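Undergrad: To start, I am sharing the structure in question, which I have written as structure tokens.
The values are calculated or read from the model by the stated rules, or taken from the named source; none is laboratory data. Remember, predicted model here, so these are calculated numbers, not experimental data. All Cβ positions, glycine included, derive from the backbone under ideal geometry; neighbour counts span all protein chains shown. These accessible areas exclude ligands, DNA and RNA; they are computed on the full protein's heavy atoms, side chains included. Shrake-Rupley method; radii C 1.70, N 1.55, O 1.52, S 1.80 Å.
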Amino acid sequence: MKASDIIASAGVIVLLIAFVLNLNKKLSANSRWYSGMNFVGAGLCCYSSYLISFYPFIVLEAIWASFAIYSFVKVPRGT
């Protein structure tokens with residue numbers, strides 16, 4: 001397995017954990033944890049796409065990570 005595969009797998013796992021926790025009402029979509037997990041997962045996926053020069057996913061994941069970090073900063077503390 002190449003490094004890009006491992007990084008992408010880690011990113012996808014983080015994104016899926018956030019998704020499943022949200023579906024099961026264990027993590028609110030408005031929480032900092034959810035936004036943080038989305039940022040980390042999308043960031044890892046973006047970086048792995050960069051490593052293999054897959055530009056459509058670089059754009060997708062960069063936008064995803066950007067919105068996630070915006071949401072993380074925007075969410076009030078304590079949530």
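Undergrad: Return the FRET efficiency for the residue pair Trp33, Val59: r is the Cβ-Cβ distance, R0 is 30 Å, and the value is rounded to the nearest 0.05.
TA: On the way: r = 26 Å, r/R0 = 0.86.
Rounded to the nearest 0.05, the efficiency is 0.70.
Undergrad: To continue, here is another question. If you roll a 1.4 Å probe over the heavy atoms of the protein chains, what accessible area per residue do you get for the stretch 1-40, in Å²? Before the final figure, lay out the partial values.
TA: Numbers: 2690 Å² over 40 residues.
Dividing the accessible area of the stretch 1-40 by its residue count gives 67 Å².
Undergrad: Give the ranking of Phe72, Phe57 by solvent-accessible surface, highest area first, calculated with a 1.4 Å probe. Present the calculation step by step, with values, prior to reporting the outcome.
TA: Numbers: Phe72 70, Phe57 95 Å².
Reading off the accessible areas and sorting them downward yields Phe57, Phe72.
Undergrad: Right, another one. Using only Cα atoms, tell me the angle between helix 3-23 and the longest principal axis of the chain; keep it within 0 to 90° and round to the nearest 10.
TA: 20 degrees
Undergrad: Another question, then. Could you bin all the Cα-Cα distances of the chain into 5 Å bins starting at 0 and give me the percent of pairs in each, rounded to whole numbers?
TA: In whole percents, the pair-distance histogram is 3, 19, 24, 23, 16, 9, 5, 1, 0.
Undergrad: If we sort 17-29, 36-48 on the protection proxy, mean other Cβ atoms within 10 Å, highest first, what's the order? If you can, show how the numbers build up before the last one.
TA: Working: 17-29: 13.2, 36-48: 21.5.
My ranking of the peptides, most packed first, is 36-48, 17-29.
Undergrad: Can you give the helix-only mean residue ellipticity at 222 nm for the chain, where every DSSP H stretch with n ≥ 4 adds -39500 (n - 2.57) and the sum goes over all residues, rounded to the nearest 500 deg cm²/dmol? Let's see the in-between values first.
TA: Numbers: 3 runs with 61 residues, N = 79.
After summing the helix terms and dividing by residue count, I get -26500 deg cm²/dmol.
Undergrad: Can you find, among Leu60, Asn30, Ser49, the residue farthest towards the positive end of the dipole of the chain? Put +1 on the C-beta of Lys and Arg, -1 on that of Asp and Glu.
TA: Asn30
Undergrad: Once neighbouring chains are kept in place and the probe is 1.4 Å, which whole percent of the accessible area of the chain is contributed by carbon and sulfur?
TA: On the way: 3930 of 5410 Å².
Carbon and sulfur atoms account for 73 percent of the accessible area of the chain.
Undergrad: Under 19 Å from the 7 Å Cα→Cβ point of Leu51, by amide nitrogen: which residues of the stretch 1-30?
TA: Counting backbone N atoms under 19 Å from the label point, the list is 1-16.
Undergrad: Still on this structure, please answer the following. How big is the charge dipole of the chain about its Cα centre, in debye rounded to the nearest 20, if each Lys and Arg gets +1 on its Cβ and each Asp and Glu gets -1 on its Cβ?
TA: Working: 6 positive and 2 negative charges, 75 e Å.
Here the size comes out at about 360 debye.
Undergrad: Relative to the longest principal axis of the chain, what angle (0 to 90°, nearest 10) does the C-alpha long axis of helix 55-74 take?
TA: Orientation of helix 55-74: about 20 degrees from the principal axis.
Undergrad: A further question follows. Using a ≥ b ≥ c from the Cα gyration tensor of the stretch 18-61 (square roots of the eigenvalues), is it rounded, prolate or oblate, where a/c under 1.5 gives rounded and otherwise the larger of a/b and b/c decides, a/b for prolate?
TA: Values: a/c = 3.53, a/b = 2.93, b/c = 1.20.
It is prolate, given that a/c is not under 1.5 and a/b is the larger ratio.
Undergrad: Separate question: Rounded to the nearest 10 Å², what accessible area does Tyr34 have for a 1.4 Å probe in the complete protein model?
TA: Rounded to the nearest 10, the figure is 50 Å².
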